[in-house]
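A short worksheet on the structure shown next.
The numbers here are math on the coordinates, done by the rules we state, and not lab data. In this text, all values refer to a predicted model and were calculated from it rather than measured experimentally. Glycine also receives a Cβ, built like all others from the backbone with ideal geometry; neighbour counts cover every protein chain displayed.
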Amino acid sequence: MLESLTIKNTAIIDRLTVNFGSGMNCLTGETGAGKSIIIDSICCLLGERVSRENIRRGCDSASVQGLFNIESGRINELLEEMGVEAEEDGTLILFREYTVAGKNTCRINGQAVTLSMLKKIGESLVDVHGQHDNHSLLSPSTHLGLLDLFAGDEMLFVKERFLEKYAELKKIDVELESLSGDPKKRAATIDLLTFQAEEIEKAALKIGEDEELEKRRQVLANAERIAEALESAYSLINGEDGYGAGSSSVTDIIGEIISKLEIISEYNESYKEILSKINEASYLLEDASKELRTEKEEAVFDPQEVSEIDSRLDEIYKLKRKYGDNIEDIIAFAENAGAELARLESSEELCRELTQRKNKTARELRALAAEMHTLRVEAVEKLEGGIHSALEDMEMGRVRFQVSLEYDSEGKLTKNGLDSGEFMICTNPGESFKPLSKIASGGELSRIMLAVKSVLADIDEMPVLIFDEIDTGISGYAATKVAEKFKSIAVSHQVICVSHLAQIAAIADENIFISKEYIGDGVSTKAALLDEEEKIREVSRLLDGGDYSEVTKKHAEALIARMRNV
């Protein structure tokens, strides 16, 4: 429900907050007091187009904010889609500011959103009937859905099964498209995948191979330096020729050191420890000498090996450029290509299986669509009868309502089965039925909408309904019936209506009086929630428009009492 509306700098309103109740709210007041500005502001808040001329004179911008309390799961789903966090207590705050420069600032729960996002939320929150065109019932796309809800639980159960099967059919279609598709494209894909898989398989890649090759290449690039270093190190350790006459090997020098320390080791414990360490170094040096000799003998570098390594690395680089950043990615690409190749090569068999599944699912869907059509036909008769009765109550007995339901047993399956449907209306005897969306807006259309809403009230998920002066041209019995329709709808919806009829004001749960006062050279709109005595006075005014007297008071009290017992 809409709990409060705050309007700033709009037309004759400088700042106005209107609080609403959960049932039926009736706005009354003299013509020109600002009732239509309040409805226009709600439409502005719902994302409708707004004129910069509405901005109060002397101001750069105008704004409107609405505080809602919501329970609808649909609205929470929309908020989630938009990335707007829903409040746990159901609070929803919509805000819109527009400037003389034409700039719009929109927020939902304090989060900046686009105007289209605000409009999308608004379409699920409020229906405005009267001088505006924000009617959900005017969209033919909603009509079958409303009819299905009116048809009841059995219809909803069948439709749920249908939609599950319909989703399955669409999934099968996608799979078939991917398998069959254009034969030439499919053949080209098979050729490409075959080439890719064979190219990678032929390369016989090993994980880590490129890293090992790079290391080996570094060795080969420094072959001469490595060979010279190994030879020098071995010669120095072992005292081989080539380093000058009388040169001693490291081994000989260490041997002499050991001999000298052995002589004195018995005199001091620390000498023994030093001797032990040098002996250990001697053993390590001996082992190192053997390893150096092996490395020296095996350090034979083939110039051809460099060319082979370069060639292999080049091959791996080309594969990386095509299939992945590393060898693991290339191997994974080959595996995926092989799997896709196998799927495509076996697609003929899969196509046959999927086609059989598709035909079976389509037969099941057509059977369910026929069942839905039968239930819809039954619901159409009840819906048309209910709306005709509602129209007669409002002295519109000559207006005829019809649900145009067409069933095409050989047609294409849609989410609605094999039916197409639209609400139709005939406003005068002898004329043909026309789509509801083709009727000119105004009081007549609004009363038709009221009739439809009153019949669909229990299943219509729109939380807030607004009716703006739909009482034009009616009085007496019709006015009472219109008031009763409002009251019946207000059991399951919040109703906000602007009216000049005493019957409607009398039956309302909340009465809000809109007035204007002159302040200096300016004028400002005020809104007051009426208590019981004030309500009686306002209903009295609406009854005869004259002075408040004991007679008019009793008349108003009697009307209020009678309408409360409706």
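Measure nothing but the geometry: give the 0 to 90° angle between the long axis through the Cα atoms of 183-203 and the longest principal axis through the Cα atoms of the chain, rounded to 10°.
Tilt of helix 183-203: around 30 degrees.
Going toward the positive end of the dipole of the chain, with +1 on Lys and Arg Cβ and -1 on Asp and Glu Cβ, which of Leu146, Leu319, Ser270 do you reach last?
Leu146
With a Förster radius of 25 Å, plug the Cβ-Cβ distance of Glu87 and Ile459 into 1/(1 + (r/R0)^6) and report the FRET value to the nearest 0.05.
Values: r = 27 Å, r/R0 = 1.07.
Computed FRET efficiency for Glu87 and Ile459 comes out at 0.40.
Summing +1 for each Lys or Arg and -1 for each Asp or Glu, what net charge is found among the other residues whose Cβ lies under 9 Å from the Cβ of Asn326?
On the way: positive: Lys320; negative: Asp210, Asp325, Glu328, Asp329.
Neighbour charge sum, excluding Asn326 itself: -3.
Could you compute the FRET efficiency for Glu164 and Glu392, with r as their C-beta to C-beta distance and R0 at 35 Å, rounded to 0.05?
Values: r = 41 Å, r/R0 = 1.17.
FRET efficiency, Glu164 to Glu392: 0.30.
Tell me, how many Å apart are the Cα centres for the stretch 8-38 and for the stretch 259-337?
The stretch 8-38 and the stretch 259-337 have Cα centres separated by 90 Å.
Per 10 Å bin, what percent of the C-alpha pairs of the stretch 156-208 does each bin hold, from zero upward?
20, 23, 21, 18, 12, 6, 0
Any idea what diffusion coefficient the stretch 43-177 gets from Stokes-Einstein, in µm²/s, Kirkwood Rh on alpha carbon pairs, 20 °C, 1.002 mPa s? Working shown, then result.
Numbers: Rh = 17.8 Å.
Answer from the Stokes-Einstein relation: 121 µm²/s.
Given a cut-off of 28 Å, name the pairs among Lys434/Lys481; Lys481/Lys526; Lys487/Lys526 whose C-alpha atoms lie farther apart than that in the structure shown. Each step should come with its number before you reach the end.
Details: Lys434/Lys481 25 Å; Lys481/Lys526 30 Å; Lys487/Lys526 26 Å.
Result: Lys481/Lys526 exceed 28 Å.
Among Cys497, Cys26, Cys59, which comes first, then next, by fewest other beta-carbon atoms within 10 Å?
On the way: Cys497 30, Cys26 27, Cys59 13.
With the fewest neighbours first, Cys497, Cys26, Cys59 line up as Cys59, Cys26, Cys497.
Can you tell me the orientation of helix 35-45 relative to the chain, as the angle in degrees between its alpha-carbon axis and the longest Cα principal axis, to the nearest 10?
Result, in degrees: 20.
Multiply the residue gap between Lys215 and Thr414 by 0.36 nm, knock off their C-alpha separation, and tell me the result in nm, one decimal place.
Gain on stretching Lys215 to Thr414: 65.2 nm.
Roughly what % antiparallel, to the nearest 5, for the DSSP beta bridges in the chain?
Counting only bridges with both partners in the chain, antiparallel ones make up about 75 percent.
Which of the three applies to the stretch 482-566, rounded, prolate or oblate, going by the alpha-carbon gyration tensor with a ≥ b ≥ c and a/c under 1.5 meaning rounded?
On the way: a/c = 2.54, a/b = 1.31, b/c = 1.94.
Cα axes put the stretch 482-566 in the oblate bin.
Would you work out the charge dipole size for the stretch 1-106 about its Cα centre, treating the Cβ of every Lys and Arg as +1 and the Cβ of every Asp and Glu as -1, and quote it to the nearest 20 debye? Write out the running numbers ahead of the final one.
Details: 10 positive and 16 negative charges, 154 e Å.
With Lys and Arg at +1 and Asp and Glu at -1, about 740 debye.
Normalising by the residue count of the chain, find the relative contact order in percent from Cα pairs under 8 Å and 6+ residues apart. Working shown, then result.
Numbers: 799 pairs, mean separation 125.5, N = 566.
Reported relative contact order: 22 percent.
With r as the distance between the Cβ atoms of Ile263 and Arg225 and R0 = 45 Å, compute the FRET efficiency 1/(1 + (r/R0)^6) and round to 0.05. Intermediate values should be presented prior to the final figure.
Values: r = 43 Å, r/R0 = 0.95.
Using R0 = 45 Å, I get an efficiency of 0.60.
Quick check: net charge around Ser540, other residues with Cβ under 15 Å of its Cβ, Lys/Arg +1 and Asp/Glu -1? Don't jump to the answer; show the numbers that get you there.
On the way: positive: Lys535, Arg537, Arg541, Lys553, Lys554, Arg562; negative: Glu30, Asp531, Glu532, Glu533, Glu534, Glu538, Asp544, Asp547, Glu550, Glu557.
Net charge around Ser540: -4.
With Rg/Rh (Cα atoms, Kirkwood Rh) as the read-out, I listed (i) 1.11; (ii) 1.14; (iii) 1.37; which label goes with the value calculated from this structure?
Of the listed options (i) 1.11; (ii) 1.14; (iii) 1.37, (iii) comes from this structure.
Based on the mean of other beta carbon atoms within 10 Å per residue, what is the order of 320-328, 146-154, 41-49, 503-511, most packed first?
Values: 320-328: 14.1, 146-154: 17.6, 41-49: 22.8, 503-511: 24.6.
Final packing ranking: 503-511, 41-49, 146-154, 320-328.
Express in whole angstrom the spacing between the alpha-carbon centres of the stretch 157-206 and the stretch 51-129.
44
About the Cα centre of the chain, how large is the charge dipole given +1 on each Lys and Arg Cβ and -1 on each Asp and Glu Cβ? Please answer in debye to the nearest 20.
3880
Which angle between 0 and 90 degrees, to the nearest 10, do you get for helix 250-264 versus the longest principal axis of the chain when only C-alpha atoms count?
Rounded to the nearest ten degrees, it is 80.
Can you pick out the pairs among Lys260/Lys290; Lys120/Lys159; Lys120/Lys453; Lys35/Lys382 whose Cα atoms lie more than 28 Å from each other? Walk me through the numbers on the way to the answer.
Working: Lys260/Lys290 26 Å; Lys120/Lys159 26 Å; Lys120/Lys453 21 Å; Lys35/Lys382 37 Å.
As for pairs spanning more than 28 Å Cα to Cα, those are Lys35/Lys382.
So for Leu418, Leu391, fewest C-beta neighbours within 10 Å to most, what's the order?
If I rank by nearby Cβ atoms, fewest first, I get Leu418, Leu391.
Can you show me the helix-derived [θ] at 222 nm for the chain, built from DSSP H runs with n ≥ 4 at -39,500 (n - 2.57) apiece and divided by the number of residues, rounded to the nearest 500.
Values: 18 runs with 312 residues, N = 566.
It comes out at -18500 deg cm²/dmol, rounded to the nearest 500.
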